[in-house]
Each structure stands twice: as C-alpha cells, then as structure tokens.
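Trainee: What follows is a structure written as structure tokens; I'll ask about it next.
The values are calculated or read from the model by the stated rules, or taken from the named source; none is laboratory data. This is a predicted model, so every value here is computed, not measured. For neighbour counting, all protein chains shown are included, and Cβ atoms are generated from backbone atoms with ideal geometry for every residue, glycine included.
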Amino acid sequence: MKVQFDSLAPVSAKGLVGKHAATHTDTRHKQSSLKARISFFLCAADRGSALVEFALILPMMLLLTTGILIFGVAMNNYLQLTNAVSIGARTLAVNAQVTLDPCAVASSAVIAAAPGLNPANLTFSYTLNGANYSGLSCSSGSVSSGAAAMLSSGSTATVTATYPLNLSVFGQAYSASNAVLQATTTELVQ
C-alpha cells in the first residue's frame with residue numbers, strides 16, 4: 001500500500017478527498033501546528049548554546065592568536081638581526097685598512113640595518129683574524145696596530161650580535177629570562 005503525504009487535495013479525518021473533505025473537520029492544520037509547536041519547544045532548549053560555547057572558546061582562541069602574534073614578532077626580530085649582522089660583517093670586511101675602529105664601523109652598520117630593534121639591547125662580539133673583541137668600539141692607534149691591524153686581506157672577520165628574546169603573553173613570560181636571539185656571520189676580509 002502506497003501512502004502519499006503531500007497531496008494537494010485536502011484530506012479529512014475520515015480520509016475523504018476533494019469536495020467531500022470540506023464536509024469533515026480538517027485536522028491536517030492542527031497536526032502540522034502541533035508538530036511545529038513540539039519542534040519549537042524542543043529546539044528552544046538549544047537557544048543560546050552557541051553563545052555559551054563561543055564564550056568558553058573565546059579566551060583560548062585569543063590566547064592562541066596572541067601567541068602566534070608574539071612568535072611572529074620574535075621571528076621578525078630574528079630576521080632583522082640576522083640580516084643586520086650580515087650587513088655589518090660585510091661592511092667590516094670591505095673597510096679593512098681604512099678605519100681605526102673596525103668594531104664601531106660594524107656595530108653602526110648593524111644598528112642602521114635593524115631599525116626595528118632597540119640599539120641599547122644589542123650586544124656585539126667580534127673575532128678578527130683569531131683575536132676576540134666585544135662592545136661597540138675596539139679603537140686602534142693606527143691601521144697597523146690593534147684591532148685594525150687584524151683586518152689584513154685574506155683573513156676572516158666574524159661579527160656576532162645578540163638581542164633579548166621576549167615571549168610574554170599577557171604578562172606571563174614563556175621564555176627564560178636570559179634567552180637571547182643570536183646571529184653570527186663570518187666574512188673574508190678584502
């Protein structure tokens with residue numbers, strides 16, 4: 001037996017179709033409105049649940065998004081530092097036998113190449129043909145003595161710079177207090 005639910009002709013309580021249905025009480029609308037009411041009350045319990053779920057997830061999503069942004073800033077700092085140290089080492093290698101303070105030349109080039117980094121937080125160390133120096137300056141009396149004399153053609157010059165790593169989210173530090181970003185570049189002196 002085939003049952004048809006969506007008949008266009010009105011169906012009466014006794015199953016009469018067409019003009020005979022008009023003589024009997026039409027219960028189809030009562031049934032559909034009853035279904036609608038039951039469905040409405042069953043679904044009414046779900047109202048606001050999306051808002052509650054959103055309120056529960058929002059702090060975690062904000063923390064995750066902020067963490068991604070903080071990590072992005074740290075990566076940007078590292079990329080700036082690496083690029084700046086490379087430029088500083090190249091400047092040092094090219095200015096051999098020209099300057100009396102090769103460390104100042106290199107540190108100035110690094111600071112100028114990294115405008116997003118705070119120059120007060122940068123620390124420098126240099127290895128010029130095996131001799132170690134640190135700080136912003138390693139002044140020499142002449143190009144044939146001190147640090148300037150170490151920059152002979154064919155020797156190596158290494159520049160190392162460090163910058164503090166700050167991975168704090170909402171005041172909570174997620175890196176060690178002494179964590180630093182460090183970049184090192186070695187160039188052949190010209």
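Trainee: Counting only residues that are of a type in the set (A, V, I, L, M, F, W, C) and touching a strand residue (DSSP E or B) at 6+ places or on another chain (Cβ under 6 Å), which one in the range 152-187 is modelled with the lowest pLDDT?
Mentor: That would be L165.
Trainee: Consider G48 carefully, then state whether it is loosely packed, with under 12 Cβ neighbours inside 10 Å, touching a helix residue (DSSP H, G or I) at 6+ places or on another chain (Cβ under 8 Å) and not charged (D, E, K, R).
Mentor: Against the criterion (loosely packed, with under 12 Cβ neighbours inside 10 Å, touching a helix residue (DSSP H, G or I) at 6+ places or on another chain (Cβ under 8 Å) and not charged (D, E, K, R)), G48 does not qualify.
Trainee: I've got another one for you. Do we have L136 as surrounded by 15 or more Cβ atoms within 10 Å (Cβ to Cβ), assigned to a loop (DSSP other than H, G, I, E, B) and in contact with a Cys (Cβ under 7 Å, 6 or more places away or on another chain) here?
Mentor: yes
Trainee: Separate question: Among A96, A120, A109, which is in a helix (DSSP H, G or I), surrounded by 15 or more Cβ atoms within 10 Å (Cβ to Cβ) and aliphatic (A, V, I, L, M)?
Mentor: A109
Trainee: Which of (1) crowded, with 16+ Cβ neighbours inside 10 Å; (2) not in a helix (DSSP H, G or I) does S144 not meet, given it meets every other one?
Mentor: S144 satisfies every listed condition except (1).
Trainee: If I ask for residues that are surrounded by 13 or more Cβ atoms within 10 Å (Cβ to Cβ) and either out of contact with any Ser or Thr (no Cβ under 8 Å at 6 or more places or on another chain) or at positive phi (or both), which ones from the range 165-185 would you list?
Mentor: If the condition is that a residue be surrounded by 13 or more Cβ atoms within 10 Å (Cβ to Cβ) and either out of contact with any Ser or Thr (no Cβ under 8 Å at 6 or more places or on another chain) or at positive phi (or both), then A179 is the only one that fits.
Trainee: Let me ask something additional. Is it true that some residue in the range 52-74 is in a loop (DSSP other than H, G, I, E, B) and out of contact with any helix residue (DSSP H, G or I) (no Cβ under 7 Å at 6 or more places or on another chain)?
Mentor: Taking every residue of the range 52-74 in turn, none turns out to be in a loop (DSSP other than H, G, I, E, B) and out of contact with any helix residue (DSSP H, G or I) (no Cβ under 7 Å at 6 or more places or on another chain).
Trainee: When you go through L8, L92, L51 one by one, which is the residue that is touching a Cys at 6+ places or on another chain (Cβ under 9 Å) and either within 30 Å of Q172 (Cβ to Cβ) or at pLDDT below 95 (or both)?
Mentor: L92
Trainee: Going by the structure shown, is L81 surrounded by 10 or more Cβ atoms within 10 Å (Cβ to Cβ) and either at pLDDT 80 or above or farther than 30 Å from Y174 by Cβ (or both)?
Mentor: So L81 fits the description; yes.
Trainee: Okay, moving on. Anything in the range 147-179 that is without any contact (Cβ under 8 Å) to a residue 24 or more places away in the chain and part of a strand (DSSP E or B)? List them, or say none.
Mentor: Q172, A173
Trainee: Keeping to the range 131-173, report how many residues are within 20 Å of L100 (Cβ to Cβ) and of a type outside the set (V, I, T).
Mentor: 24
Trainee: Output the residue which, of all residues in the range 82-109 that are of a type in the set (V, I, T) and more than 14 Å from T186 (Cα to Cα), is farthest from the chain's Cα centre (by Cα).
Mentor: So the residue we want is V98.
Trainee: May I ask you to list the residues in the range 118-146 that are out of contact with any strand residue (DSSP E or B) (no Cβ under 6 Å at 6 or more places or on another chain), within 29 Å of N77 (Cα to Cα) and hydrophobic (A, V, I, L, M, F, W, C)?
Mentor: Within the range 118-146, A120, A131, L136, C138 meet the criteria.
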